[in-house]
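A short reminder: the numbers here are calculations on the coordinates, not readings from a lab. The model shown is predicted, which means the values in this text are computed figures rather than measured ones. FYI the Cβ positions are ideal-geometry reconstructions off the backbone, even for glycines, and counts take in every protein chain you see.
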Amino acid sequence: IDITSLQTTMKPSFLWNVNKPALASFRRQDYHGDPSVSLESAVRKTLKDKTGKTFNGPIRLLTHLRYFGHCFNPVSFYYCFNETDEKVEAIMAEVTNTPWKERYAYVVDKKSQSKSKPNFSASPKKQLHVSPFWGMDHDYEMLFSLPEDSLSVHMKNFKEKEKVFDVTLSLKRRPFTNRTLLTALLRFPLLTLMVVFRIHWQAVRLYIRRAPFFTHPDKI
C-alpha cells in the first residue's frame, strides 16, 4: 500500500475503505505513531530521528489490513523510495507485541555486502519485549531483498553470538484489485485472528514444557 496516496490506492468499495467500516479496512490507529498525525508524517519523522536523513519519496507499506474488524501485525514493513521512485533508500520494520500492543521501529538504511543481489541488512540489538519466553539479551540479524516481483525478509535471533531462532517471509507480488482481495478474504477470512491464536497457542505449549519465563522488563 502506498501510504503517500492512500485515498487513491484504496478507493472506497464494498470490500475495502480507509478509516471506515469494510470487510478489509485501513485504520490509522493500527499503524505507526500518533493516530492524530498522518501515517506518512509519522513515518518520515521516525526515519529522520533515527537516521538523520530526510526521505521525500514514496513510502509503501507491507502489512495486514483490518479484516472483519480485527487487526494485528507482529511486524509491518515500510519501504522508502527515493524521490524519483526508482530505488529503495531505507526500510523500516515495526514490531508489535501482544498482549501489550507496544511497538518499536527498526530502521535499516544500509545495503548488505552480498555480491549476488542487492539487499538491505542490519544487526540491531533487541529493543522490544515480544515474548515471555525470550529475554532481552538478544541481537537480531535482518536481511531484506528489494521489493520487486517477489520479496523476502530473513530474520535471525542470536544470544551470546549463538543463533537461537530464525524465520523467513517470502512473498510474490499481486495486483491490488477487488478480485485479488476477495480471493484472499475467502481463502483466509480470519487471518489476523489466526495470527493471534497461533501466537498464544505456541505460548501455551512452551508453558506446558516449562520453558524459561521472562517477565516484561517494565513489570519488574
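What to note about this one:
- Cα-centred dipole magnitude for the stretch 3-219, charges only on beta-carbon of K, R (+1) and D, E (-1), debye, nearest 20: 480 debye
- Mean sequence separation of contacting Cα pairs (under 8 Å, at least six apart), scaled by the length of the stretch 88-220, corresponds to a relative contact order of 16 percent.
- The stretch 73-109 and the stretch 1-49 have Cα centres spaced 14 Å apart.
- Positive dipole terminus of the stretch 24-65, leading residue within 65, 38, 52 (C-beta point charges): 52
- Once the chymotrypsin sites (Phe, Trp or Tyr not before Pro) in DSSP loops with at most 12 neighbouring Cβ atoms within 10 Å are cut out of the chain, the longest remaining piece is 15-175.
- Nearby aspartates and glutamates by direct alpha-carbon distance to residue 161 (threshold 19 angstrom, same-chain neighbours under 8 apart not counted): 137, 139, 141
- Taking amide H positions as modeled 1.01 Å from N, with prolines and chain starts lacking one, the residues under 5 Å from residue 165 and 5 or more places away or on another chain are 157.
- DSSP finds beta bridges in the chain, and of those with both partners inside it, around 95 percent are antiparallel.
- Whichever aspartates and glutamates have a C-alpha closer than 18 Å to that of residue 45, once near sequence neighbours (fewer than 8 apart) are set aside: 2, 30, 34, 83, 89, 94, 109
- Translational diffusion of the chain, estimated by Stokes-Einstein from the Kirkwood radius over alpha carbon pairs at 4 °C in a medium of 1.567 mPa s, is 69 µm² per second.
- Length gained on full extension, residue 146 to residue 161: 2.7 nm, using 0.36 nm per residue less the C-alpha separation.
- Förster radius 30 Å - calculated FRET efficiency between residue 184 and residue 37 (Cβ-Cβ, nearest 0.05): 0.55
- Contour excess over end-to-end distance, with Cα ends at residue 9 and residue 49 and 0.36 nm allotted per residue: 11.6 nm
- Pairs from 126/156; 50/110; 50/126 whose Cα-Cα separation, in the structure shown, is over 19 Å: none
- For GluC sites (Glu not before Pro), the sites in the stretch 1-86 that DSSP calls loop and that have at most 12 other Cβ atoms within 10 Å are 83, 86.
- For the stretch 33-44, the Karplus equation 6.51 cos²θ - 1.76 cosθ + 1.60, evaluated at θ = phi - 60°, returns couplings of x, 5, x, 7, 10, 4, 4, 4, 5, 5, 5, 4 Hz by residue, with Gly and Pro reported as x.
- Dimensions (Å) - the stretch 3-45, Cα atoms, principal axes, largest first: 33, 17, 11
- Hits among lysines - C-alpha to C-alpha of residue 20 under 19 Å, sequence gap 8 or more where chains match: 11
- Size check on the stretch 113-220: the Cα extents along the three principal axes, sorted descending, read 48, 40, 24 Å.
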